[in-house]
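Each remark here refers to the structure printed beneath this line.
Values quoted throughout were computed directly from the atomic coordinates according to the rules given, and no laboratory measurement underlies them. Here the structure is a predicted model, which is why all the values come from computation and not from measurement. A quick note on method: Cβ atoms are made from the backbone with ideal geometry, for glycine too, and the neighbour counts reach across all protein chains shown.
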Amino acid sequence: MKVYRGFPSMKDQGRVITMGVFDGVHRGHAKIVHICRRQARRLGLTAALITFNEHPQGTLAPEKRPPRLATPEQCLNRLQQLGVDEVFLVPFTRFLAHTTAEQFIRRVLVRRLVLRHIVVGRDFVFGRDALGNTAMLRQWGKACHFGVSVVPPLRHRGKIISSSGLRALISRGNVELARAWLGWPYALHGSVVRGEGRGRRIGLPTANLKTIHEVVPAPGTYAVRVYLENMAWPALCHIGKRPTFHPWGPETIEVHIPGWDGNIYRKQLTISFLSRLRGERRFSNATALLRQVRQDFKQALKIWRK
């Protein structure tokens with residue numbers, strides 16, 4: 001997959017294009033990409049995708065910018081797995097925000113990228129003041145000789161799969177339904193930082209994760225898969241405060257990896273969330289906490305084996 005920063009002038013037979021924010025690259029996005037790829041193969045053209053390295057609201061109204069579901073690197077990896085040939089990763093600047101839909105179609109899509117067919121969602125809008133829509137694309141398609149495919153939203157159990165809906169699910173701790181909407185487990189990536197060392201002293205060593213991710217699951221204990229040094233480990237993740245020992249402290253992301261016995265400080269981890277086992281709970285003492293953690297891990301292993 002080729003990744004371009006901006007819009008170079010392309011001199012070739014043309015491409016089938018889809019465009020949007022694609023935050024999280026969920027199953028609804030995957031459906032659009034699949035149709036884009038299928039149309040490109042039918043026409044013998046390149047399947048291309050236009051997206052942004054920052055949500056447009058970050059430029060238009062920073063106070064309204066939604067938290068990102070995934071880093072740009074995660075999104076690019078997912079798009080590569082879906083078989084996209086080219087990605088045009090574009091900074092959403094003030095200049096781009098003030099470009100009219102007509103100007104964008106004529107100058108960028110048709111002249112620079114040699115658009116032959118475009119695939120978009122039913123509610124897709126673009127251009128200055130969001131005045132561009134699917135009807136406008138069809139009008140320009142007739143004039144500039146490119147086709148238009150409009151894809152209805154994908155539903156799961158009657159509800160439309162969306163990035164905003166996913167943020168709500170994850171924030172409530174419903175990582176199981178989020179996984180069904182995404183098509184892959186929601187994941188946090190980061191580096192291990194030093195904690196207080198209390199867990200190791202009571203026989204429950206944990207790794208404290210520092211992450212740049214903006215959407216973190218609700219406080220509680222989760223069955224997770226941890227990717228560490230090119231290996232996957234069944235593990236537990238606790239998000240929140242430490243109600244048994246330090247209830248007034250800050251919220252943390254801690255991972256307990258039974259079987260890991262090496263130095264984990266400063267290592268890079270990826271945590272994939274499989275299931276929420278329980279909410280935050282205060283235990284009477286360390287023994288009671290350890291007993292519960294052993295039960296949690298047995299349950300996590302059953303989920304892991306599935």
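Below, the figures for the structure above:
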| read-out | value |
| --- | --- |
| Residues whose placed amide H lies under 5 Å from that of Ser149, excluding near-sequence neighbours | Ile118, Val119, Val120 |
| Beta bridge orientation in region 111-163: antiparallel %, DSSP, nearest 5 | 40 percent |
| Ascending count of other beta-carbon atoms within 10 Å, so fewest first, for Arg172, Arg179 | Arg172, Arg179 |
| Length-normalised contact order for the chain - Cα pairs under 8 Å, 6+ apart - percent | 16 percent |
| Degrees separating the helix 134-144 axis from the principal Cα axis of the chain, which is the longest one | 40 degrees |
| Equivalent ellipsoid semi-axes - Cα gyration tensor, region 2-160, angstrom | 21, 19, 16 |
| Of His34, His98, His213, the one that fluctuates the most in a GNM where the chain has Cα springs shorter than 10 Å | His98 |
| DSSP-loop trypsin sites (Lys or Arg not before Pro) across region 1-95, with at most 11 other Cβ within 10 angstrom | Lys11 |
| Share antiparallel - DSSP beta bridges, the chain, percent rounded to 5 | 60 percent |
| Amide proton proximity set for Val90, modelled H, under 5 Å, gap of 5+ | Gly6, Thr51, Phe52, Asn53 |
| Cα pair distances of the chain binned at 20 Å [whole percent] | 30, 47, 21, 2 |
| Neighbour net charge for Ala143 - beta-carbon separation under 12 angstrom, K R +1, D E -1 | +2 |
| Cross-link partners of Lys241 among lysines (Cα-Cα below 25 Å; sequence separation of 8 or more within a chain) | Lys210, Lys267, Lys298 |
| Region 251-306: chymotrypsin sites (Phe, Trp or Tyr not before Pro) in DSSP loop, at most 12 other beta carbons within 10 Å | Tyr265 |
